[in-house]
Amino acid sequence: MLLDSSVTLDYYAQAPVPAIFMLRPRSGWAQWIAREEYLITPMVQVVEFTDLYGNLCQKLVIPEGPFSIATKSRANVPDDIDVDASAEILPVAHLPPDVLHYLLPSRYCQSDQLGDLATSIVGTNPTTYQQVAQIRAWIHAKVTYESGASDSSTSAVDTAQTLRGVCRDFAHLGISLCRSINVPARMVVGFLHELEPMDLHAWFEAYVGGRWFTIDATEDFPKGNRIVVAYGRDAADVAISTIFGSIQFNGMTTTVTAVR
């Protein structure tokens, strides 16, 4: 499916403040970016770079006064996500070096503290994608989606205790449980078509059978039509904006529509 997405961020700065934005989706195995627009008002100098996880980042200084960034993109994305019950969980010794850091605990994903829970969830399932599917099913059944139940400091351990949260909390818990059974897992932020209410969305990917699989415990069933904006170890790596100072945030508008 072809999807058009947009994000508009509005600010007011009392004084110049440095910032890093992560708003440009890039073509990759999951998508092809066919068209893109990036408008900054007022226009300032931008330095773009690629971070450690391959995300496109924009460094700039927000000037004093009103400031906005508006991005649009058209992406060709799959209607469905892949599922392969027979894909084998690779032994750590056979994992490629570039995915090994996705096995380690991180700021919001304390996988070293959730091993017992992960083992109890996967049970006697074969050491295949089925274990990851069991983790997804457990989170979907046990964790209640509740706006306001968590904040920016909530971690996977917190969510495992409260069993409440929003999409980033579902993702953090899934990532942590997968890492606890030696499955590399990474955070994804992007757009999901027909998400209600419309907003940026978070899910995760698990590395099984030599490739990444999309996993989303907030959904009733595997669902495609996603545009990936950023990857990382957890939410600390995929913030769409990082402001190095005081600023007034006046709101964000997000849209995702199918191209007819």
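Computed extension gain for residue 182 through residue 239, at 0.36 nm per residue and net of the alpha carbon distance, reaches 18.0 nm. Near residue 4, within a Cβ-to-Cβ distance under 10 Å, what is the net charge of the other residues, with Lys and Arg +1 and Asp and Glu -1? Charge balance near residue 4 sits at +3. Between residue 260 and residue 163, full extension at 0.36 nm per residue minus the direct alpha carbon distance yields a gain of 31.0 nm. Checking the cross-link filter: which lysines have an alpha carbon closer than 25 Å to that of residue 223, excluding same-chain neighbours under 8 positions apart? Partners found: 72, 142. Note on residue 119 and residue 80: with the Förster distance fixed at 22 Å, the Cβ-Cβ geometry gives a FRET efficiency of about 0.10. Taken about its Cα centre, segment 36-91 carries a charge dipole of roughly 440 debye when the Cβ of each Lys and Arg holds +1 and the Cβ of each Asp and Glu holds -1. Extent of the chain along its three principal axes (Cα atoms, max minus min coordinate, largest first): 59, 39, 35 Å.
Each peptide in 179-188, 203-212 was scored by the mean count of other Cβ atoms within 10 Å over its residues; highest first, the order is 179-188, 203-212.
Each reported figure results from applying straightforward, stated rules to the coordinates on display, with no laboratory input. Because the structure is predicted, anything quoted here is derived from the model rather than measured. Every residue, glycine as well, gets a Cβ built from its backbone with ideal geometry; the counts of neighbours run over all protein chains shown.
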